Amino acid sequence: MTVTLAAALAGAILAALRYRQRATVQSSEIAGLQRAIIRDPLTGLLSRRGFQERMEIELARAARDATPLMVVIGDLDDFKQVNDRLGHLGGDMALERFSGVVVRTTRRADAAARLGGEEFAFILPNTSELEAYAFAERLRTTTEKSFTGTATELTITLGIARFPDEGTTTETLLHAADRAMYAAKSLGKNRTALHDATDAELSAAD
């Protein structure tokens, strides 16, 4: 009777250990899938979904603490020509190189994302307009220097929008920064533009 009880107890313990092991493996797999969803596999930067999740957090914090928040959109100039000349492998290598520039340029508190293709976005918490402009210019000039003399002499054009003046949601801020960036491209690539300053320039040009 004692032997039977001991065997049953041992079996129960073994089953519990196996269940815990399976649960641990499943939890690890889920965590891996979650990381894959919020991270761009090529550059290691946040994906669009990861960017949106981080934006919701930073927007709530900025609204609660009444602190400044800046959003920067950047688009690598004439990137299609890189793919045309060097193929998608060459384009991927250029994107990986650019992600290195991003890592060296951003602060720990900042968030950088690849929204898709050659378009990138940056969240700058507790950052003034002047500081955001300085960041964008540093990223722009570092990108240009990093690619000078290579097979892909890339540059980047950037647009900046601020919370809450140009938007209070992820969508409105992205739209404002995107509008500034494309206006900057129309005025001349490889430059940085603030949303309100760009509007003024375009109005003057009309």
*When we measure straight from the Cα of K189, which aspartates and glutamates land under 18 angstrom away, once same-chain ones fewer than 8 places off are left out?*
D75, D77, D78, E118, E119, E137, E144, E153, D178, D199, E201
*When all protein chains stay in place, what accessible area (Å², nearest 10, 1.4 Å probe) is found for K189?*
100 Å²
_With the crude spin-label approximation of a point 7 Å out along Cα→Cβ, what separation in nm comes out for A63 versus E137?_
3.3 nm
*Can you work out the PRE-style zone for L187? Point 7 Å along Cα to Cβ, and I want the residues of the range 67-95 with backbone N under 19 Å.*
71-78
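The values are calculated or read from the model by the stated rules, or taken from the named source; none is laboratory data. This one's a predicted model, so the numbers in the text were calculated from it and none came from an experiment. Note: ideal-geometry Cβ built from the backbone for every residue, glycine included; neighbour counts use all protein chains shown. Ligands, DNA and RNA are stripped out before the accessible areas are found, and what is left, the full protein with its side chains, is counted by its heavy atoms. Shrake-Rupley method; radii C 1.70, N 1.55, O 1.52, S 1.80 Å.
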